[in-house]
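Peer 1: One structure, as structure tokens, below. Some questions next.
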Amino acid sequence: MRRLPLFVMMLLALAVPALVAQNLTLPMKNGSIKFAVIGDTGTGDKHQLAVAKQLTATRAKFPFEFVIMVGDNLYGGNSPKDYDQKFAIPYKPLLDNDIKFYAALGNHDDPSERFYKPFNMNGERYHTFKPADGVRFFALDSTYMDEKQVKWFEEQLMASGSEWKIAFFHHPPYSSGETHGSDETLRTQLEPLFVKYGVNVVLTGHEHFYERIKPQKGIAYFITGSSAKLREGNISTTQLTAKGFDAGYTFMLAEIVGDDMYYQALTDEGKTVDSGTVHRVGKVEPTPNRSAQPVVATSGKDAAKPTTPRANPK
């Protein structure tokens, strides 16, 4: 029997309706900033396709305007075929509806990916964009964090003028992962700038699970690195975890309304694993242990098992 080409199989898989999330907790206000977050996506396998289908189906209820990619966008090569199978085909329904994707580079990404127009990196390893007044995103290359990039980041933060400052990159400064854990070197390089210039939220991947970290120095940290890869049972018991889920593939939705950022983490089956609100307290004088714009993270109801039992991590 003749086998169908892989790209045809992918298209057929995308045509199968996904299970739409039934209980979205986001306010869905007119005029709000709505976006999604995915990480460690570039496999081109059934898990990426399942998350992509659910992400697409969920947009019918929550019309997010753009997608943040926190790195490892293409595993195992970046030929034209790789771009198709690991990005253009899985997210075709979103791309066809003019949904923009903004990428950061991961350690499995080739720096040349910055020239791929659908990643909206403008040919730069690190970049920034402003989707609306009062909100600015900063994409960093955490694999090669040199003095030049740190200087650029500080200059951009100084000139931002935005109430909401959201940084996204690959390696998590704080993590409870058994495989990698917190990147303390990166934390030493970046956290002083987060605190001094009032970064509110940090979005990362690298760890193949979902974790929301308890606010550190007034800053909210999220790890969303299981949008195509998963390390089951890989979240250790630490004092960092506000919520963790290492039993399935996930993505995150977020909505900024005034001084609140609502978030909801979902599985590829549409089940909620975490939800709540990051409240921006407002401008205060920074101290060594507190951001200039501190946040308070409030957890919502959970609809799925937080973590798997302790098992041998993959």
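The values are calculated or read from the model by the stated rules, or taken from the named source; none is laboratory data. All values reported here derive from a predicted model rather than from experimental measurement. As a convention, Cβ positions derive from the backbone with ideal geometry for all residues, glycine included, and neighbour counts pool all protein chains shown. Surface areas here come from the heavy atoms of the whole protein model, side chains and all, with no ligands, DNA or RNA. Shrake-Rupley method; radii C 1.70, N 1.55, O 1.52, S 1.80 Å.
Peer 1: Which residue is most open to solvent (accessible area, probe 1.4 Å), if the candidates are limited to segment 130-162 and must be closer than 15 Å to Val70 by Cα and aromatic (Phe, Trp, Tyr)?
Peer 2: Here the answer is Tyr144.
Peer 1: Which residue out of Leu266, Leu186 is within 18 Å of the chain's Cα centre (by Cα), within 20 Å of Phe62 (Cα to Cα) and open to solvent by less than 10 Å² (accessible area, probe 1.4 Å)? Spell out how you get there, then give the answer.
Peer 2: Working: Leu186 fails: within 20 Å of Phe62 (Cα to Cα).
Of Leu266, Leu186, the one residue that is within 18 Å of the chain's Cα centre (by Cα), within 20 Å of Phe62 (Cα to Cα) and open to solvent by less than 10 Å² (accessible area, probe 1.4 Å) is Leu266.
Peer 1: Could you list, in sequence order, the residues of segment 110-129 that are outside any strand (DSSP E or B) and under 16 Å from Val67 (Cβ atoms)?
Peer 2: Glu113, Tyr116, Lys117, Pro118, Phe119, Asn120, Met121
Peer 1: Which members of segment 39-74 meet the condition of being without any contact (Cβ under 8 Å) to a residue 40 or more places away in the chain, in contact with a helix residue (DSSP H, G or I) (Cβ under 9 Å, 6 or more places away or on another chain) and either assigned to a loop (DSSP other than H, G, I, E, B) or closer than 24 Å to Phe138 by Cβ (or both)?
Peer 2: Answer for segment 39-74, where residues must be without any contact (Cβ under 8 Å) to a residue 40 or more places away in the chain, in contact with a helix residue (DSSP H, G or I) (Cβ under 9 Å, 6 or more places away or on another chain) and either assigned to a loop (DSSP other than H, G, I, E, B) or closer than 24 Å to Phe138 by Cβ (or both): Val67, Leu74.
Peer 1: Here's something else I'd like to know. May I ask you to list the residues in segment 160-181 that are over 24 Å from Asp246 (Cβ atoms) and at pLDDT below 95?
Peer 2: Passing the criteria: Ser160, Gly161, Ser162, Glu163.
Peer 1: Out of the strands (runs of 3 or more DSSP E) lying entirely within segment 212-274, which hold 2 or more residues that are among the hydroxyl-bearing types (Ser, Thr, Tyr)?
Peer 2: Per the criteria, 219-224, 260-267.
Peer 1: Restricting the first residue to segment 118-141 and requiring it to be in contact (Cβ under 8 Å) with a residue 24 or more places away in the chain and under 12 Å from Ala103 (Cβ atoms), which pairs with a second residue that is open to solvent by 20 Å² or more (accessible area, probe 1.4 Å) and aliphatic (A, V, I, L, M) meet a Cβ separation below 7 Å and a spacing of at least six or different chains?
Peer 2: Note: pairs meeting the criteria are Pro118/Leu95.
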